[in-house]
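Single-structure report; data block below.
Here, each number is a calculation from the coordinates, and none is a lab measurement. Just so we're clear, the structure is a prediction, and the values are computed from it rather than from any experiment. Here Cβ is always computed from backbone atoms with ideal geometry, including for glycine, and neighbour counts include all displayed protein chains.
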Amino acid sequence: MPSRKPVTSASSCFWMSLKHLVVLSSLCSLISGYSESDRVRDLMTRYPLIDGHNDLALQLRIFHNNRLSQIDLQNVSKLATDITRLHAGHVQAQMFAVYVMCGAQEKDAVRLTLEQIDVVRRMCTEYQDFELVTSVQELTNSEMRRKIGCLISIEGGHSIDSSLAALRMYYQLGVRSMALTHTCNTPWAESSSKLYNVYQRQNNSLTHFGKAVVEEMNRLGMIVDLSHTSWDTALAVLKHSKAPVIFSHSSSYSICNHHRNVPDWMLHQLKKNHGLIMVNLHSNFISCRDEANISHVAEHFDHIKKVIGAESIGIGGDFEGAVRFPQGLEDVSKYPALIQELLHRNWTENELAYVLRGNFLRVFVEVERVRDQLHSNLPSEVQIHLKEVQNPCRMVLRPPDQRQQPSDRNSSFRAQHGPKDHRTGSDGQRPPAPWMPPRPGRNP
Ligand SMILES: [Zn+2]
């Protein structure tokens, strides 16, 4: 440990005058009536928050089966999010998660995802306070300063059902970010959770197809989100992605060693990627207990700043996705209390302006720049290998691969169209294959 520097008369003069300055500014504040909360309000008015994660759409599904007409989003007392409190919290843009439970993987995850995208889009067009945004330009134009921008983010790669075409169509619907997993592995990426015992594999945390997903997201201009992925998958993505990535709602593993949080060695990799960690406020990820307070949250900010600097930090509240929040940060109106705490801890207004929005905008700008660089690349035609996604709900409408060996061709055909017996009609003739039109003169 280096010994502490002796206090010289020059430095003691400096600290004395700094002390006088602080006392003087406090006195000025008292005399002028400009309080700390005024300072926070001014700062957040100039730099309103872009928050990385909110699960309001999930609650609309749970409580109302997405019937928006049953609810008034201006004031929703049973939830932590509504329009009135988003304004009070100086939230100018919100990444709204489109989440489908892992149980829908291999079932109707794509339909459910479409329905969740639909409800976010409806919410953001039926309420004047909301506006759907799909680009940095839309997010930052002057009109948006009076609105709450809605960014759509898919939470869990199982939503694409291992299809790059589905990914592209989600982009067309306005999706601008996707977390590669939720609490389940996908056939191509690994979750940090061991909750579901599916698609387990050794030493293959991001498969060939998984890399193709990342490449296609880079090409489209969709932000890759690593919250919820395993560390091995996150590391593989950080090495493979051409664009910066985010952890949209994760905190520091050094402060609370929960698998959803990010260890310091990973933070260094994130810094190299110019990516962003948006700190999650859920009590169990903050204090590793059910209870936490604002000071516990600030410890995550202080620690991450010490490791990789304020320029890599954002905020991803996780309201509506989690149930327990720190005292004083119970809903989306309370963000100013967090900013006030960080000011107390000597964060500068400049650093906080970047934490509130500047860092996210930088990442989004960079993601769009990479998209523009890749504009001459055609949509990827990489397909996942059939044996990696085989399940009873998956139908493949294509002829057997002619390049395969005859024996493989038969097994491939059976895998796609069922047992051989079902292929032979009563006349001993094979019925038309599903990829061919019915033969003329026969009943369908
Ligand atoms: Zn989550």
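Some points to look at:
- Length added when fully stretched, GLN327-ASP290, from 0.36 nm per residue minus Cα-Cα: 12.2 nm
- Mean Cα-pair separation over length for the stretch 188-294, i.e. relative contact order, pairs under 8 Å, 6 or more apart, %: 23 percent
- Cα principal axis extents for the stretch 37-373, largest first, Å: 52, 46, 42
- Charge context of GLN373, other residues only, Cβ under 11 angstrom, K/R +1, D/E -1: +1
- Model label points for GLU381 and SER37, set 7 angstrom from Cα along the Cα-to-Cβ axis, are 6.3 nm apart.
- Placed amide H near VAL262: partners under 5 Å, 5+ positions off or other chain: SER251, SER252, TYR253
- Sorted ascending by nearby beta carbons within 10 Å, beginning with the fewest, ILE62, ILE286, ILE148 become ILE62, ILE148, ILE286.
- Local charge for ASN141 was computed over the other residues whose Cβ lies under 13 Å away, with Lys and Arg +1 and Asp and Glu -1, and equals 0.
- One quarter of the surface of the convex hull around the alpha-carbon atoms of the stretch 334-373 equals 3.2 nm², the direction-averaged projected area.
- Inter-centroid distance (Cα atoms) of the stretch 48-111 relative to the stretch 212-252, Å: 23 Å
- Value of relative contact order over the stretch 37-373, rounded to a whole percent, pairs C-alpha under 8 Å and six or more apart: 20 percent
- Sorting LYS305, LYS239 from the fewest to the most surrounding beta carbons within 10 angstrom yields LYS239, LYS305.
- Taking HIS53, HIS385, HIS300 and counting other C-beta atoms within 10 Å, the order from fewest to most: HIS385, HIS300, HIS53
- Since only THR229, VAL332, CYS150 are under comparison, the one whose Cα sits farthest along the positive direction of the charge dipole of the stretch 37-373, derived from C-beta charges on Lys, Arg, Asp and Glu, is THR229.
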